[in-house]
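Participant: Handing you this structure, nothing more for now.
Laboratory data are not the source of any read-out in this text; all were calculated from the coordinates shown. All of these numbers come straight from a predicted model, not from anything done at the bench. Glycine also receives a Cβ, built like all others from the backbone with ideal geometry; neighbour counts cover every protein chain displayed.
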Amino acid sequence: PFDVLVVGGGPAGASAAIYAARKGIRTGIVAERFGGQVLDTLGIENFIGVKYTEGPKLAATIEEHVKEYNIDIMKTQRAKSLQKRDFIEVELENGAVLKSKTVIISTGARWRNVGVPGEAEYKNKGVAYCPHCDGPLFTGKHVAVIGGGNSGIEAAIDLAGIVKHVTVLEFMPELKADAVLQDRLYSLPNVTVLKNVQTKEITGDDKVNGITYIERDTGAEQHIELQGVFVQIGLVPNTDWLGDTVERTRFGEIVVDRHGATNVPGVFAAGDCTDSPYKQIIISMGSGANAALGAFDYLIRN
Ligand code: FAD
């Protein structure tokens, strides 16, 4: 069996695996897509110490770093379930069962898509999901935020300080965000809020040039010219495969303590799949390191 088995090969998993391996313990990492969300990212400007890099480039250097260590890497393998028996057992979709004294779950998350024409075509060409990451790319421009929940309204407030104008599109007749956020939003001079509207299409040429929506009460179709669209309708953690073996929040995020430990002894979690409030590369790497040290502490006590 492994001492530490990491499930997930994004920034959190890679960091956890390296920290574990550096303790000289038997470490494995299983990942469906090594690199995780970083592979889908174009420019990265907030990975401190590196002024600018691109996702695939960072993913490649992360993988190289992992390969420097004696880590058993199992790529393109999907975990299907987790059981605690004598060891912790992780069953893969190919039927194999991996046994380990501790497991670090770092299966990440994915942004929920609106699923309208133009969204996939213009991803990284004006369609964005992370205001902390991509907000500054739209300085002085007009952008839309799709989604009037807390994350949408937080994004709109954040972006209003950077861009020229923000238009919020909410499907329902009312915003769902907390009242304090709505008050703050409505106090801003460069924000327009459209409620009860359905996004129909994100238009563009080589990049985004507008958004088309339908007013749900009249059925009328409208078009706005703008340069960016932030989709803010939820971040979904990749934790369904756990069933109810590990405690999760109502959003599906794994509940962890300060050591990265879950409610199951020996099972730790890190990164975007956990209930940590902010989801970023640098935060995931820190939380992976934290969970690996937590797992090591657990091993020397048990
Ligand atoms: P992920 O990166 O999601 O990795 C999860 C890993 O788990 C993957 O290897 C995946 O294949 C694997 N996995 C999932 N399910 C299973 C399973 N059942 N079995 C086996 N493996 C599984 N952050 C920044 O800091 N700066 C940015 O500029 C930035 N830009 C972004 C742009 C985009 C388009 C996106 C989508 C995200 C961006 N982020 C950015 C956020 C950042 O990418 C994430 O916070 C970070 O990648 C989370 O790392 P993670 O390791 O927790 O999860």
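Participant: Taking 8 Å as the Cα distance limit and 6 or more residues as the minimum spacing, I'd like the relative contact order of the chain as a percentage.
Facilitator: Taking the mean separation of contacting Cα pairs over the length of the chain, I get 21 percent.
Participant: Another question, if that's okay. What are the trypsin sites (Lys or Arg not before Pro) within region 209-289 that DSSP puts in a loop, where the Cβ has at most 12 other Cβ atoms within 10 Å?
Facilitator: When the trypsin sites (Lys or Arg not before Pro) of region 209-289 are filtered for loop state and at most 12 Cβ neighbours within 10 Å, ARG250, ARG258 remain.
Participant: Treat every Asp and Glu Cβ in the chain as -1 and every Lys and Arg Cβ as +1, leave all other atoms uncharged, and give the resulting dipole magnitude about the Cα centre to the nearest 20 debye.
Facilitator: 760 debye
Participant: Separate question: Under 5 Å between amide hydrogens, which residues at least 5 positions from VAL6 or on another chain qualify, with H placed 1.01 Å from N in the peptide plane?
Facilitator: Under 5 Å from the amide H of VAL6: GLY28, ILE29, VAL30, ILE104.
Participant: What's the extension gain from THR192 to ASP72 if we count 0.36 nm per residue and subtract their Cα-Cα distance?
Facilitator: 38.0 nm
Participant: If you find the alpha carbon centre of region 173-232 and of region 238-280, how far apart are they in angstrom?
Facilitator: 33 Å
Participant: Output the peptides 217-223, 229-235, 36-42 sorted from most to least packed, where packing is the average of other Cβ atoms within 10 Å over each peptide's residues.
Facilitator: Descending packing order for the listed peptides: 229-235, 36-42, 217-223.
Participant: For region 127-231, what is the relative contact order in percent, using Cα pairs closer than 8 Å and at least 6 residues apart in sequence?
Facilitator: The value is 30 percent.
Participant: Which peptide among 82-95, 107-120 comes first, and what is the full order, when sorted by highest mean count of other Cβ atoms within 10 Å?
Facilitator: By packing density, highest mean first, the sequence is 107-120, 82-95.
Participant: OK, next. Could you tell me what percent of the DSSP beta bridges with both partners in region 202-302 are antiparallel, to the nearest 5?
Facilitator: Of all bridge pairs located within region 202-302, approximately 90 percent are antiparallel.
Participant: Kindly write out, for region 165-178 in residue order, the coupling ³J(HN,Hα) from the Karplus curve 6.51 cos²θ - 1.76 cosθ + 1.60 (θ = phi - 60°), rounded to whole Hz, with x marking Gly and Pro.
Facilitator: Per-residue couplings from phi come out as 8, 10, 10, 9, 10, 10, 5, 7, x, 10, 6, 9, 5, 4 Hz.
Participant: What are the lysines whose alpha-carbon lies under 28 Å from the alpha-carbon of LYS207, with same-chain residues fewer than 8 places away excluded?
Facilitator: Cα-Cα hits under 28 Å: LYS51, LYS57, LYS123, LYS125, LYS141, LYS164, LYS195, LYS279.
Participant: Explain nothing, just compute: Karplus ³J(HN,Hα) = 6.51 cos²θ - 1.76 cosθ + 1.60, θ = phi - 60°, for every residue of region 27-41 in order, whole Hz, x for Gly and Pro.
Facilitator: Working through the residues one at a time gives 10, x, 9, 10, 9, 5, 9, 4, x, x, 4, 4, 4, 9, 9 Hz.
Participant: Roughly speaking, what is the stretch gain from HIS259 to ALA60, that is 0.36 nm per residue apart minus the C-alpha to C-alpha distance, in nm to one decimal?
Facilitator: 68.8 nm is the gain from fully extending HIS259 to ALA60.
Participant: Is it possible to state the helix-based mean residue ellipticity at 222 nm for the chain, with each DSSP H run of 4+ residues giving -39500 (n - 2.57), the sum divided by total residues, to the nearest 500 deg cm²/dmol? What is it?
Facilitator: -7000 deg cm²/dmol, from helical runs alone.
Participant: So who's got an amide H within less than 5 Å of the one on ALA144, skipping anything under 5 residues away but keeping other chains? H placed 1.01 Å off N, in plane.
Facilitator: Sorted by chain and number, the residues that satisfy this are THR167, GLY228, VAL229, PHE230.
Participant: I'm a student and want to see the number: the projected area of the Cα convex hull of the chain, averaged over all directions, in nm².
Facilitator: Its average projected convex-hull area is 16.7 nm².
Participant: Charges at C-beta only: +1 for Lys and Arg, -1 for Asp and Glu. How large is the resulting dipole of region 127-231 about its Cα centre, in Debye rounded to 20?
Facilitator: 120 debye
Participant: Let me ask you something else. Could you run the Karplus curve 6.51 cos²θ - 1.76 cosθ + 1.60 with θ = phi - 60° over region 142-157 and give me ³J(HN,Hα) per residue in whole Hz, x for Gly and Pro?
Facilitator: Result, ordered by residue: 9, 10, 10, 10, 8, x, x, x, 4, 5, x, 6, 4, 4, 4, 5 Hz.
Participant: Under a 5 Å amide H to amide H cut-off, with H placed in plane at 1.01 Å, what residues pair with SER81 once short-range neighbours are removed?
Facilitator: Amide H neighbours of SER81: GLU91.
Participant: Which FRET efficiency, nearest 0.05, do ALA96 and ASP240 yield, Cβ-Cβ r, R0 25 Å?
Facilitator: 0.80
Participant: Project the alpha carbons of region 127-231 onto their principal axes and report the range along each, largest first, in whole Å.
Facilitator: Principal extents (largest minus smallest coordinate, Cα): 33, 31, 22 Å.
Participant: Let me ask something else about it. Using a simple spin-label model with points 7 Å from Cα along the Cα→Cβ vector, what separation in nm is obtained for TYR278 and LYS125?
Facilitator: 3.2 nm
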